[in-house]
Each structure stands twice: as C-alpha cells, then as structure tokens.
1. Could you tell me which residue of segment 206-221 is modelled with the highest pLDDT, considering only residues that are of a type in the set (G, A, S) and buried (at least 16 other Cβ atoms within 10 Å of the Cβ)?
2. Of all residues being in contact with a helix residue (DSSP H, G or I) (Cβ under 7 Å, 6 or more places away or on another chain) and assigned to a helix (DSSP H, G or I) in segment 1-24, which is farthest from A77 (Cα to Cα)? Just the residue, please.
3. Quick check on my filter: what residues within segment 48-79 are under 14 Å from E38 (Cα atoms) and touching a strand residue (DSSP E or B) at 6+ places or on another chain (Cβ under 8 Å)?
4. Quickly run through segment 26-41 and pick out the residues that are touching an Asp or Glu at 6+ places or on another chain (Cβ under 8 Å) and either buried (at least 21 other Cβ atoms within 10 Å of the Cβ) or not hydroxyl-bearing (S, T, Y) (or both).
5. What about I57, is it more than 24 Å from the chain's Cα centre (by Cα) and crowded, with 19+ Cβ neighbours inside 10 Å?
6. Out of A305, A273, A251, which single residue is over 22 Å from the mean Cα position of the chain (by Cα) and either polar (S, T, N, Q) or part of a helix (DSSP H, G or I) (or both)?
7. Given V214, V195, V233, which one is under 18 Å from G94 (Cα atoms) and either in contact (Cβ under 8 Å) with a residue 24 or more places away in the chain or not aliphatic (A, V, I, L, M) (or both)?
Amino acid sequence: MSDTVRVRVVIPCRNEAGYIERCLLSLVAADRAGMHVEAWVCDGLSDDGTVAMIDRIAAEHPWIRRVDNPARTTPHAMNIGLRPGGYDVGIILGAHAEVDPAFLQENVRLLAAHPEAGCVGGIIENVYTDATSRRIGAAMGHPFGVGGAHFRTGRKEGEVDTVAFGAYRREVFEEVGYFDERLVRNQDDEFNYRVTQAGWKIRLSPRIRSRYYVRASYSRLFRQYWQYGFWKVYVNKLHGGITTVRQLVPALWVAGLLLGWTVALLHPVLAFAYATGVSFYLFAAMVSAIRAAVVPHDAPGVLFAFLVLHFSYGLGYLQGLWQLVVLSRDPGVDDQRSSR
C-alpha cells in the first residue's frame, strides 16, 4: 500500500433515520491520519428523513457523499460503492453500526501486516435499545446462539472464514469480482467464500471494533434468520456444494424436531431417544441463557431468542431445500421483496 492509503467506506442504507447520523458521525470522529477517506452512503430511495440527514452531514464533510440505489437491495448498494475505482481498501459498514476511533487505522494496519489477507475485520459489540434487544443481543453474542460466528462472540483472533464489516484490498475485487446481486441475504458470506477459494485469507482482530444497534423484535429476528437460512441454500446451489458445515446444524435440528416424534411412536426406545435429545437441547439452551444473560431476569428472554434463532434459520433452510433444490426453482419476487 502507498503511504497515503485511499479508503472507501460503503454504507448500504434505506430508511435508517434513527441510526445513520450516529454511524456517519462515528466515522467523522475516527482517526483518519495518513489516509484519504471517503464514505459512500448508497441509499435505497429512503422516504423517512434519512436523505436529509445524510445530505446535511455531507455538506459539512465533503468526503461523505450520498449515492442513490434504485434497486434497494444490499448487494446492489455494495457494488455501486465498490465498482468505481479510486481506492486501495474498500470497507463495508452497516447503517446500524458505529465505529471506534481506531477502526480505520486498525483495519489498514492489519492488512499491511498480513499481505496474504484479502479481507480483515473485527468484533461487533451489541448496543441495546431496550430489554428485548438486550436479550436478543445476548443470544446473538453467545456461541450457543450463533455457533462459530467469531465476529459476534469475540472468542478468536486470527484466520476465520468470514467477518462482518470487512475491509478488502482493491485487488480482491479485481480478482474475484463483486457481490452477487441475486442474493438479497448472505451476500457477504458468499463473497467471503469466493475470497478464500481464490487463495486469500480472512483475518479477525479484536482491536478492530464497532458497535451495532440490535433489532428489538423477536418477530423481526425470526424473519431475518429465516431469510438467512433460505438464502444460504441458494448460495449452496450456486456453488454446487455446502460452503460451511455449521450451516446444517439448525436445519438438522428442526428436521429432527418435526419428524422425530413420528418415529418415536414406533418404539419406546425411539421415544426415549427423542425425548432425551430434546431435553438435552433445552438443558443446554437454559444453561447458556443463564450464562449469556446480562442480568439474571433476562435468562428466559435469552432462551426464547435462542429458540427463535435456531428454529427460524432451520425452517428457512428446509424451505429453501424444498423450493430451490427439490422443486428446482429460483427465488421468486416475493422472496426478494421480503428481504429488502
């Protein structure tokens, strides 16, 4: 990299009036010494006051700009910001996020220290807006809830298979292309899979830190993770195989839960095995919820969030298998609209 590193931060955004100002002001407060930084907010035609907020901040800080995203999907927004040249490092950031003052510096430093790394990222700290979001955030930050998503749990430093809010070398896009615009969910996981398949490494560092305002609705959490499961099947279909083994666990669990009781009727031994499996899961979930809860009385809510995470992802994955694999269909208009 040159002495003055050119960094472009791309922020997909639509109707984020409650969050975009804090996101952009955190970038304004970040250490940008030795860099030429520009932030592109790729807005999906917001109609809630978001545009006025972006334009007001951009007028005060000309290195921030708004770009329209008529397609209104996340991968289109990412590509609108990343396809034009003029940068050395491209960073994807969520409109719900705020970055630490050292965020930009640590990303660039880690890329410079590891030339084999095509992408680096850090730890997401959940920010709770109410008791429900606190409980959901606790579940999303615990290994029982999200498995090996180390950028959420913060339990690993070094090489990983994916990160959130990744910082990519420009050469990566020149080699493997851009985000798949057919994927309205899981586009970052799919892209990171192509990055590692091309021989690049992805590294995680706890010194790269950001905060994320957690969704405060169990119903929204259900829709979000149902979509993750459904679209993961489409990613597998595109690549002709399973990209990560851990993605199968929720689907196998839900399939076993839904079908196991019929098998249990065949013999007492099978019934005992089924009951034992369900009991073991619930026991592990309860213990994990108690450990993850910020305050003791949050444990039941964390437990419920675990159930929502696993069941919605597994159910979405199974529906994806039926629709996309068994029936050999592609995602329909309704599937794409539900994810915008």
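1. Let us first name the residues in segment 206-221 that are of a type in the set (G, A, S), namely 210, 216-217, 219.
This time we only want the ones that are buried (at least 16 other Cβ atoms within 10 Å of the Cβ), so: 210, 216.
Values: S210: 94, A216: 72.
Only one residue fits best here, namely S210.
2. If we filter segment 1-24 for residues that are in contact with a helix residue (DSSP H, G or I) (Cβ under 7 Å, 6 or more places away or on another chain), which is where we start, we get 1, 5, 7-13, 15-17, 20-21, 24.
When the remaining residues are screened for being assigned to a helix (DSSP H, G or I), the result is 20-21, 24.
Numbers: I20: 15, E21: 18, L24: 17 Å.
This residue is E21.
3. I54, I57, A58, W63, I64, R65, R66, V67
4. At the first step, the residues of segment 26-41 found to be touching an Asp or Glu at 6+ places or on another chain (Cβ under 8 Å) are 26, 30, 34.
Passing the criteria: A30, G34.
5. On the way: more than 24 Å from the chain's Cα centre (by Cα): yes; crowded, with 19+ Cβ neighbours inside 10 Å: yes.
Judged against the criteria, I57 is a match.
6. Numbers: A305 fails: over 22 Å from the mean Cα position of the chain (by Cα); A251 fails: over 22 Å from the mean Cα position of the chain (by Cα).
Being over 22 Å from the mean Cα position of the chain (by Cα) and either polar (S, T, N, Q) or part of a helix (DSSP H, G or I) (or both) holds for just one of A305, A273, A251, which is A273.
7. Values: V195 fails: under 18 Å from G94 (Cα atoms); V233 fails: under 18 Å from G94 (Cα atoms).
From the options V214, V195, V233, the qualifying one is V214.
One line per residue, one yes/no per condition, for (1) hydroxyl-bearing (S, T, Y); (2) modelled with pLDDT of 95 or more:
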site	(1), (2)
T4	yes, no
C42	no, yes
D68	no, yes
G85	no, no
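The values are calculated or read from the model by the stated rules, or taken from the named source; none is laboratory data. Treat the numbers as computed from the prediction; the structure is a model and nothing was measured. Cβ atoms come from the backbone with ideal geometry, glycine included; neighbour counts cover every protein chain shown.
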